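Below is one structure, written out as structure tokens; comments come after it.
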Amino acid sequence: MEIDYQKKAENDASGFVLLSDYAPEIIQEIRYFSSYNFVGERIDGYEEPCAIMTKEAARLIKAIAAKAVVYGYRLKVFDTYRPAKAVRHFVLWGIEDLDQRMKPFFYPDLDKQELFVRGYIAAQSSHSRGSTIDLTLLDMATGKEVDMGSPFDYFSEISHPDNRDVSEEQYHNRMFLQDLMAKGGFRPYDCEWWHFTMENEPYPDTYFEFPVCRDELKR
């Protein structure tokens, strides 16, 4: 009986919402729906290019987005909820040594297996709990992404938020994003400047399986 309940919980999307319904002003570029990511192909479970989050996390992100506009920025989201099957796709890709087509763009200085050891890719991701987000800032005056010193999903020490090998401006931009997110209720991740998880997330021990698809939220 307990096992059946756990299976239901992992596939139950009733606590999730489309981020665009809460904050349509946020720009979305869902990388794992496209082939431009570190794997080089669309990732399992991404059936639509839409950001899905828990209701609680979406409310907080909406407030953060409104605050960012005051400073002249818009939020740009690369990933939010990530199905557990997508994480398995990453793991299987990590085992396949011959597939390194995106290495020059995302992990030029590391072997694939090191990505897991160093914490850039997890065998069980906080994204699958529904309250983690990967994002950056877009400058409303220029229409361009703010310079963070490294691109999204660039797996290197240069992407650690506190790395001082970046310029002062790039470091300032990272700290501004981190401060904005922290004051809005999200904690940073020490290996990736773009990665934040909601404090007191509603499902801290549940990893969901349902696909990234609008229809899943209507069931």
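Read-outs throughout are calculated quantities, based only on the coordinates presented, and are distinct from any laboratory measurement. In this text, all values refer to a predicted model and were calculated from it rather than measured experimentally. Note that each Cβ is placed from the backbone with ideal geometry, even for glycine, and that neighbours are counted across all protein chains shown.
Quick notes on this structure:
- Among the residues of the range 148-166, those that are surrounded by fewer than 16 Cβ atoms within 10 Å (Cβ to Cβ) and either touching a His at 6+ places or on another chain (Cβ under 7 Å) or among the charged types (D, E, K, R) (or both) comprise Glu157, Asp162, Arg164, Asp165.
- Highlighted here are the helices (runs of 4 or more DSSP H) found entirely within the range 30-114 that include at least 1 residues which are surrounded by fewer than 18 Cβ atoms within 10 Å (Cβ to Cβ), touching a residue at least 12 places away in the same chain (Cβ under 8 Å) and aliphatic (A, V, I, L, M): 55-70, 84-95.
- Options Tyr120, Tyr107, Tyr81, Tyr73; residue that is among the hydroxyl-bearing types (Ser, Thr, Tyr) and more than 17 Å from Trp193 (Cβ to Cβ): Tyr81
- When residues of the range 123-138 are limited to those that are touching an Asp or Glu at 6+ places or on another chain (Cβ under 6 Å) and part of a strand (DSSP E or B), the one surrounded by the fewest Cβ atoms within 10 Å (Cβ to Cβ): Leu138
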